[in-house]
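The values are calculated or read from the model by the stated rules, or taken from the named source; none is laboratory data. As the structure is a computational prediction, the values presented were derived from the model and not from experiment. Note that we place each Cβ from the backbone using ideal geometry, even for glycine, and neighbour counts take in every protein chain shown.
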Amino acid sequence: MRLSREQMLVEMGLGPIWRERTQAPLRVSGEISAGAGGLPPPQQVPENPPDLANPVPALVAAADPAHLEWPELAQHVGACRACGLCQQRKQAVLGVGDRQADWLFVGEGPGAEEDVQGEPFVGQAGKLLDNMLAALDLKRDHKVYIANAVKCRPPGNRTPEAAEMAACRPYLARQIALIQPKIIVLLGKAAAYAVLHEDKTLAAMRGQHFAYQGIPVVVTYHPSYLLRNLPDKAKAWEDLLRARQILRATPTS
Ligand code: URA
């Protein structure tokens with residue numbers, strides 16, 4: 001049975017009534033700036049002037065987390081000072097969900113609410129993500145793990161810079177190695193860059209076959225982008241159905 005766009009949205013529990021209530025003033029979404037391809041240029045958006053009387057400690061390269069188990073990994077991420085994002089975070093946000101998940105969703109980085117609550121995707125975009133999961137009969141704490149390309153909030157909710165994603169990548173790599181998901185869904189361009197080093201437009205990556213260390217990867221729109229671009233929710237739903245199809249076709253070990 002082929003669903004109409006409207007039916008797909010209803011199926012996702014979204015309906016035509018979803019609207020972004022406020023526009024985050026400094027957010028630069030990968031999809032929005034995707035035009036000619038390539039990650040958006042690095043931006044420094046200092047929220048506060050530097051406190052010259054109390055200089056921040058020097059940044060410290062992340063210790064290799066390749067062999068850490070979850071508790072140590074959480075400690076390392078919480079104390080990480082490998083990039084400048086540590087300077088304004090309230091806390092690092094490791095991830096949430098089932099550590100034996102079949103599905104791993106990777107977003108961009110914590111926003112303001114995630115920075116306060118210490119959990120990924122708890123704001124408006126998170127509600128949409130939860131609805132997308134529910135449409136697949138999934139929940140964030142059952143068979144699903146949700147992580148981000150960077151664990152600390154980029155100031156002003158800007159897109160993380162390539163160097164910040166590189167500094168954080170070992171943590172995400174370790175999460176993937178520990179979880180061993182059957183499918184990875186990358187939400188937006190930043191996640192695609194962080195995991196696949198792909199720097200194409202989202203439109204070019206959708207529907208393509210990717211893999212990370214043998215695990216199939218599907219690239220789709222970031223929920224924040226979908227809140228601003230309602231018609232593309234139907235495309236995201238198609239991507240999720242494709243991901244489910246791939247997962248179902250994966251032999252169970
Ligand atoms: N956007 C993201 O990419 N991640 C979050 O955790 C929240 C919003």
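Listed values, structure above:
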item	result
Residues being on the phi < 0 side of the Ramachandran plot, more than 16 Å from the ligand (Cβ to nearest atom) and polar (S, T, N, Q) - total across the range 211-245	1
Residues within the range 78-94 that are in a helix (DSSP H, G or I) and buried (at least 17 other Cβ atoms within 10 Å of the Cβ), tallied	3
Qualifying residue in the range 202-217 (condition: of a type in the set (D, E, K, R) and free of Cβ contacts under 8 Å to residues at least 12 places away in the same chain)	no
Answer residue from the range 136-163, given it is over 25 Å from Arg248 (Cα atoms) and surrounded by fewer than 24 Cβ atoms within 10 Å (Cβ to Cβ) and is farthest from the ligand (Cβ to nearest atom) among those	Ala163
Test result for Asp239, modelled with pLDDT under 95 and in contact with a strand residue (DSSP E or B) (Cβ under 8 Å, 6 or more places away or on another chain)	no
Enumeration of residues in the range 114-162 that are in contact (Cβ under 8 Å) with a residue 12 or more places away in the chain and among the acidic types (Asp, Glu)	Glu114, Asp115, Glu119, Asp141, Glu161
Residue match in the range 116-133 (condition: closer than 19 Å to Leu240 by Cβ and in a loop (DSSP other than H, G, I, E, B))	yes
Qualifying residues in the range 95-113 (those that are near the ligand (Cβ under 8 Å from one of its atoms) and buried (at least 24 other Cβ atoms within 10 Å of the Cβ)) - the one nearest to the chain's Cα centre (by Cα)	Gly107
